[in-house]
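The values are calculated or read from the model by the stated rules, or taken from the named source; none is laboratory data. Small disclaimer: the values here were computed from a predicted structure and weren't measured. Cβ placement follows ideal geometry from the backbone for every residue including glycine, while neighbour counts extend to all protein chains displayed. SASA here: full protein model, heavy atoms, side chains in, ligands and nucleic acids out. Shrake-Rupley method; radii C 1.70, N 1.55, O 1.52, S 1.80 Å.
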Amino acid sequence: MAALKRGPDRLADQSGSVGDKDEEYAIDAVHLTKKIGQRVAFDDLSFQVQYGEVFGFLGPNGAGKTTTVRTLGTLLAPTSGNAQVVGVDLNSHNSVEIRSKISIMPESPGLYNRLSVEENLECFADLYMLKDTKEKISNSLEAVNLTSRKNDLCGTLSKGLRQRVGLARALLNDPKLLFLDEPTSGLDPVAALEVHELIIKLKERGVTIFLTTHRLDEAEKLCDRVAILNTTLKMVGRTKDLEKEMFTKSLTVKTLNEIDSPSGIFDSVDGVTSWEKGSDGSFSLNVTSIESVAPNIARALVEAGCDVVFIGEAHHSLEDVYLEIVGTDGGGIK
Amino acid sequence: MKLHWRRIYAITKKELRDFRRNRFIVATMLMLPLIFVLIPLVGIFSVKGTVLTHLEQTKLGISLLYMLLVPTLVPAALSAYSIVGERDQGTLEPILITPIRRDEFLLGKALAAFMPTIAIAYFVYAIFLAATGLFGQSGVANVIFQSSRLIIQLLYTPLLAGWSIWACIAISSRSSDVRVAQQLSTLASLPPLVVVALFATNAITPTPVLALGFGAILFVINVLGWKLVSGIFNGEKMITGKNNT
Ligand SMILES: Nc1ncnc2c1ncn2[C@@H]1O[C@H](COP(=O)(O)OP(=O)(O)OP(=O)(O)O)[C@@H](O)[C@H]1O
Ligand SMILES: [Mg+2]
């Protein structure tokens, strides 16, 4: 396992974001904290989400993701701290204004089972006081591929289809900012893929998306930036930069046969800061620079008579980043 | 602030659709009034003669009182479920994240319970009046068609329904359990009936002025009830089970 960078670096990209800076933010949270009863659901969150980006909100069970969504969505009042959502201050006086500009797809879609898909959407179209109700409803249904099921009672739909109705409902009011709370949980791979495609389409249309998920592949694929939460914010950054930010550079070295004296070889090469042997017999070396150290390692190994099978830069996925952060945090079991 | 009737009606409409397709609710709505029209009719036809004794008058009063149980109990059953039921089926959160205001939401809920109740209660009363007019003894008909009695039935039907609805929505929006809400609601719907019972039994003579006066009081209570329930409605508590800290 490569060494984890500690200290201020970890939150270095707090403000770094996609696109131009000092634009108004879709979400701007400052020291936001929420307690539910005696329990701290999330603590001291400060982060920004820019218009037009897909922002991933990752964290283990109980990390506070849903509570954050509910708080930013004006359902719960923050215990302390401030936030602006779509440029409006988050407080009880402004909640109607915020709610008309955003929408939330909750963890469970919450549909009226005795009403048809279309009747469910009709109710919400009226609540949003939409013009061209019929057209809006049929567009939403089309976006989630549900047009053929519009007359079915929601109570008869499968989980995945219900999820899609929830999504269609969240699209009705053309939100500027869309919160999706684990939109693909419980979906089969094809249905999940369809949701991913929809998210990409929405992003292309300029919708800002706040996506909470457990699925790191999903975050890696869809999100411009991610935040990792475990009651407090552990890190925020561009998805593709996280790995670089989190881990020191490291090399993986594999040889055909056992190295007699690894310390004799690795310690003699400049730029190797530390090394360790992995369970599969390979070695992981933390180095100052891949380009200058790798050739020297190769040479040293050959000179020592080793048959080199592989030397390469160790790659870390978002999963490594996540596990490193959440794992060192007690695995989310609090 | 201006009320948005489109939002209010959206709630009422989906609620009525939901009732119509709920076999349990439909059965209750049909059964209760049936019972409450049969019992008073039996009472009426057991009274004979043209000049009624005090006891017989009281008996008729109680028959009429029976019929006011319709606007009291029917909406109690519907409203007790209204908020806590919505929460249990997970639909409260999606509603509360739309721009609808709390008072609009609650008014929509109240109207949905009010409309079928009133339709059924007046229908039952119409049957009762028709049966009395056609087949009742003239002495009985005289009492039943007394103006103060008519006022009480016609006026109190919506007013008692209103009381019942607001009391039960209040309970529903403070309960964590549907069954508890249902039980408390039946109790909470009854208090104004006590006054009506005093009229019915002639413990207080129901002059038109007195009947209208008490009606006016009930009306004010209904309007205040809406405001009060909107005030105590706590979306955060409904969703998390905890007060805002
Ligand atoms: N209604 C509630 N009453 C008490 N505690 C709550 C309530 N809702 C949430 N919490 C607590 O707040 C913390 C955050 O919960 P939250 O639901 O926001 O987590 P989450 O990240 O969405 O988890 P999951 O991935 O399981 O959905 C948890 O410790 C949870 O137990
Ligand atoms: Mg959650």
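Among A:LYS65/B:LYS14; A:LYS234/A:LYS277; A:LYS159/B:LYS242; A:LYS131/A:LYS176; A:LYS34/A:LYS65; A:LYS101/A:LYS159, which pairs are too far apart, with a Cα-Cα distance over 22 Å? Spell out each step's value before the answer.
Values: A:LYS65/B:LYS14 31 Å; A:LYS234/A:LYS277 29 Å; A:LYS159/B:LYS242 29 Å; A:LYS131/A:LYS176 17 Å; A:LYS34/A:LYS65 11 Å; A:LYS101/A:LYS159 27 Å.
Table pairs above 22 Å Cα-Cα are A:LYS65/B:LYS14; A:LYS234/A:LYS277; A:LYS159/B:LYS242; A:LYS101/A:LYS159.
According to a simple spin-label model (label point 7 Å from Cα along Cα-to-Cβ), what is the distance in nm between A:ALA298 and B:TYR9?
In this crude spin-label approximation the distance works out to 7.7 nm.
Put +1 on the Cβ of each Lys and Arg and -1 on the Cβ of each Asp and Glu in the range A:248-315; which of A:VAL269, A:ILE259, A:THR248 then has its Cα farthest toward the positive end of the dipole?
Of A:VAL269, A:ILE259, A:THR248, it is A:THR248.
What's the center-to-center distance, using Cα atoms, between the range A:191-217 and the range A:255-307 in Å?
Between the Cα centres of the range A:191-217 and the range A:255-307 lies a distance of 42 Å.
If I take the Cα coordinates of the protein assembly as shown and project them onto the principal axes, what are the three extents in Å, biggest first?
Largest first, the protein assembly as shown extends 127, 46, 43 Å along its Cα principal axes.
Need one value for B:11-23: mean number of C-beta atoms belonging to other chains within 10 Å of its residues' C-beta atoms.
On the way: counts 3, 0, 5, 10, 2, 0, 7, 5, 1, 1, 6, 1, 0.
Mean shielding count: 3.
Roughly how crowded by other chains is peptide B:107-120, in terms of the mean Cβ count from those chains within 10 Å of each of its Cβ atoms?
Across the residues of B:107-120, the mean count of other-chain Cβ atoms within 10 Å is 0.
By per-residue mean of other Cβ atoms within 10 Å, what is the highest-first order of A:154-166, B:35-47, B:59-71, A:303-315? Each step should come with its number before you reach the end.
Details: A:154-166: 19.3, B:35-47: 16.6, B:59-71: 22.3, A:303-315: 13.2.
Answer by packing, highest mean first, reads B:59-71, A:154-166, B:35-47, A:303-315.
In peptide A:123-132, how many Cβ atoms from other protein chains are near each Cβ within 10 Å, on average? Walk me through the intermediate numbers first.
Numbers: counts 11, 6, 3, 11, 16, 6, 7, 1, 0, 0.
For peptide A:123-132, the averaged partner shielding equals 6.
Would you please put B:158-164, B:119-125 in order of how densely packed they are, using the mean number of other Cβ atoms within 10 angstrom per residue and starting with the highest?
Details: B:158-164: 25.3, B:119-125: 18.4.
Averaged packing, sorted descending, gives the order B:158-164, B:119-125.
Under 8 Å for C-alpha pairs, at least 6 residues apart: give me the relative contact order for chain A, rounded to a whole percent.
Values: 626 pairs, mean separation 72.9, N = 334.
Relative contact order, chain A: 22 percent.
Chain pair B, A: how much accessible area is buried, both chains summed, with a 1.4 Å probe, in Å² to 100?
Working: alone 12360 and 16270 Å², together 25430 Å².
Buried surface at the B/A interface: approximately 3200 Å².
Just report the Cα centroid separation between the range A:111-170 and the range B:182-245, whole Å.
37 Å
Round to the nearest 0.05 the FRET efficiency obtained for A:GLN38 and A:ASN91 when R0 = 35 Å and r is the Cβ-Cβ distance.
Values: r = 24 Å, r/R0 = 0.69.
Plugging the Cβ-Cβ distance into 1/(1 + (r/R0)^6) gives 0.90.
Would you mind telling me the share, in percent, of accessible area of the protein assembly as shown contributed by carbon and sulfur at probe 1.4 angstrom? Walk me through the numbers before you get to the answer.
Numbers: 14820 of 25430 Å².
C and S fraction of accessible area: 58 percent.
How large is the charge dipole for chain B, taken about the Cα centre, if only the Cβ atoms of Lys, Arg (+1) and Asp, Glu (-1) carry charge, to the nearest 20 debye? Mind showing how you got there, number by number?
Working: 21 positive and 10 negative charges, 101 e Å.
With Lys and Arg at +1 and Asp and Glu at -1, about 480 debye.
With point charges of +1 on the Cβ of Lys and Arg and -1 on the Cβ of Asp and Glu, referenced to the Cα centre of the protein assembly as shown, which listed residue (B:LEU218, A:THR288, B:VAL47) lies farthest in the positive direction of the dipole?
Of the listed residues, the answer is B:VAL47.
With +1 on the Cβ of every Lys and Arg and -1 on the Cβ of every Asp and Glu, and nothing else charged, how large is the dipole of the protein assembly as shown about its Cα centre, in debye rounded to the nearest 20? If you can, show how the numbers build up before the last one.
On the way: 58 positive and 59 negative charges, 751 e Å.
Approximately 3600 debye in magnitude.
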